[in-house]
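Enquirer: Before anything else, here's the structure in question.
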């Protein structure tokens with residue numbers, strides 16, 4: 001005689017194929033959501049890491065400019081050597097690797113022969129500019145090889161011999177390419193993207209007056 005609380009064994013049925021398929025479908029949707037979150041998290045973390053490192057490099061570059069400044073011969077105030085504004089000194093433009101290694105591995109594991117070693121030797125202001133631009137290029141490219149470092153000046157006196165005269169604004173900029181994801185258009189900063197037809201860039205900008 002069957003129990004009043006349980007159906008007889010002959011009346012029990014297992015899980016049907018429909019139930020299994022519905023369960024698998026629900027699990028698949030959930031896993032897709034988790035995978036999407038993982039992708040978004042990885043994308044956001046990489047972007048945050050690039051930005052954090054760029055901020056640190058910009059701050060370090062500003063400190064080097066202040067530390068290596070000297071009194072201008074034409075005005076009362078501090079300036080830095082004109083070689084700091086030579087674009088060929090940044091991003092290893094004047095160096096040759098001779099291999100397909102990443103820039104940091106090729107140029108930064110040891111000081112290249114053409115770069116003065118201002119850590120152990122006494123350097124002139126021009127040599128300091130060369131050393132600092134190499135060192136900061138290494139710091140910028142260690143996290144992301146695509147980062148570009150530049151130093152420009154909004155010179156307020158083009159008549160004197162200083163490339164960046166006393167009181168002028170020194171602009172330190174680090175840029176790197178960015179990609180859109182999930183078909184969402186990124187609003188580009190005009191400062192980072194002066195050429196609208198070029199690849200989209202993100203950047204960190206620090207303006208400094210010595």
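The values are calculated or read from the model by the stated rules, or taken from the named source; none is laboratory data. For clarity, every value in this text was computed on a predicted model and none was experimentally measured. Virtual Cβ from ideal backbone geometry, glycine too; neighbours counted across all protein chains shown.
Let's see how each residue does on (1) at pLDDT 95 or above; (2) within 22 Å of the chain's Cα centre (by Cα); (3) within 30 Å of residue 75 (Cα to Cα):
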| position | (1), (2), (3) |
| --- | --- |
| 113 | no, no, no |
| 125 | yes, no, yes |
| 136 | yes, yes, yes |
| 158 | no, no, yes |
| 165 | yes, no, yes |
| 169 | yes, no, yes |
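Enquirer: Let me ask something else. Before we move on, is residue 98 exposed (fewer than 13 other Cβ atoms within 10 Å of the Cβ) and modelled with pLDDT of 80 or more? Write out each step before concluding.
Expert: On the way: exposed (fewer than 13 other Cβ atoms within 10 Å of the Cβ): yes; modelled with pLDDT of 80 or more: yes.
Here the answer is yes, as residue 98 does meet what is asked.
Enquirer: I would also like to ask the following. With 27, 32, 37, 56 as the choices, which residue is at pLDDT 95 or above and farther than 30 Å from residue 160 by Cβ?
Expert: Details: 27 fails: at pLDDT 95 or above; 32 fails: at pLDDT 95 or above; 37 fails: at pLDDT 95 or above.
After applying the criteria, what remains is 56.
Enquirer: Would you please name the residue that is surrounded by the fewest Cβ atoms within 10 Å (Cβ to Cβ), looking only at residues in segment 52-87 that are in a helix (DSSP H, G or I) and touching a helix residue (DSSP H, G or I) at 6+ places or on another chain (Cβ under 6 Å)? Before you say what the answer is, go through the steps one by one.
Expert: Step one: filter segment 52-87 for residues in a helix (DSSP H, G or I), giving 52-67, 82-85, 87.
Still in the running and touching a helix residue (DSSP H, G or I) at 6+ places or on another chain (Cβ under 6 Å): 57, 61, 64, 83-84.
On the way: 57: 25, 61: 25, 64: 20, 83: 18, 84: 26.
Among those residues, the one meeting the criterion is 83.
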